[in-house]
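Report on the following structure.
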Amino acid sequence: MLRLVWVVVLVALGWSGWWALAARGVGGGIEAWLEQQRAAGWQAEARSVSTSGYPLSLDTEVLNLALADPATGVAIEVSRLDFASPAWWPGDVILTLPSDPIRLANPSGLATLTTQGAQ
């Protein structure tokens, strides 16, 4: 019986480690992508990038995302993006767009995109 308890504890610790590593990878990947865009001369900002959903899901929330290319005048602002994936396969991602307006700009003018339940 004691051996079974140890096996369960070791499996739980291993899974927790995997989840923490995957959560850090997902959030860090988004932060690294934003940094790459800034290095390319873009404005690329997000108020926060956070991951939750332990133990079975990696739910990453990006708040107040703003991307703009000063060279072309193209820009997008979105209040929230949600990325969800199962913890056992972080490569299977579902992106959910917000229901509030997404603002798009280009040299020709401004546009607003609204969606309901878009994934």
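The values are calculated or read from the model by the stated rules, or taken from the named source; none is laboratory data. In this text, all values refer to a predicted model and were calculated from it rather than measured experimentally. Note: ideal-geometry Cβ built from the backbone for every residue, glycine included; neighbour counts use all protein chains shown. What goes into the accessible areas is simple: the full protein's heavy atoms, side chains included, and nothing from ligands, DNA or RNA. Shrake-Rupley method; radii C 1.70, N 1.55, O 1.52, S 1.80 Å.
Please identify every one of the chymotrypsin sites (Phe, Trp or Tyr not before Pro) in the stretch 1-96 that sits in a loop by DSSP and has no more than 16 other beta carbons within 10 Å of its own beta carbon.
Those that pass, being in a loop and sparsely packed, are W88.
Would you mind working out the magnitude of the charge dipole of the stretch 1-91 relative to its Cα centre, with +1 at each Lys and Arg C-beta and -1 at each Asp and Glu C-beta, to the nearest 20 Debye?
So the magnitude is around 400 debye.
List every residue whose amide H lies under 5 Å from the amide H of G53, counting only residues 5 or more places away in sequence or on a different chain, with H placed 1.01 Å from N in the peptide plane.
D59
HN-Hα J couplings of the stretch 68-84 from phi, Karplus 6.51/-1.76/1.60, θ = phi - 60°, integer Hz, Gly and Pro as x?
Once θ is set to phi - 60°, the couplings for the stretch 68-84 become 8, 9, x, 5, 10, x, 8, 8, 9, 10, 9, 6, 6, 10, 10, 10, 10 Hz.
Measuring with a 1.4 Å probe in the full set of protein chains, what accessible area per residue, in whole Å², belongs to the chain?
Numbers: 7830 Å² over 119 residues.
Result: 66 Å² per residue.
Using the Karplus curve 6.51 cos²θ - 1.76 cosθ + 1.60 with θ = phi - 60°, work out ³J(HN,Hα) for each residue of the stretch 50-63 in order, rounded to whole Hz, and write x for Gly and Pro.
Each residue's phi maps through the Karplus curve to give 9, 10, 9, x, 4, x, 9, 9, 10, 9, 10, 10, 10, 9 Hz.
Along the stretch 21-27, what does the Karplus equation 6.51 cos²θ - 1.76 cosθ + 1.60 (θ = phi - 60°) give for ³J(HN,Hα), rounded to whole Hz, x for Gly and Pro?
After applying 6.51 cos²θ - 1.76 cosθ + 1.60, I find 5, 5, 5, 5, x, 5, x Hz.
Given an 8 Å cut-off on Cα distances and at least 6 residues of separation, report the relative contact order of the chain as a percent.
Value for the chain: 17 percent.
Take W88, project a point 7 Å from its Cα along the Cβ direction, then tell me which residues of the stretch 50-75 have their backbone nitrogen under 17 Å from it.
54-59
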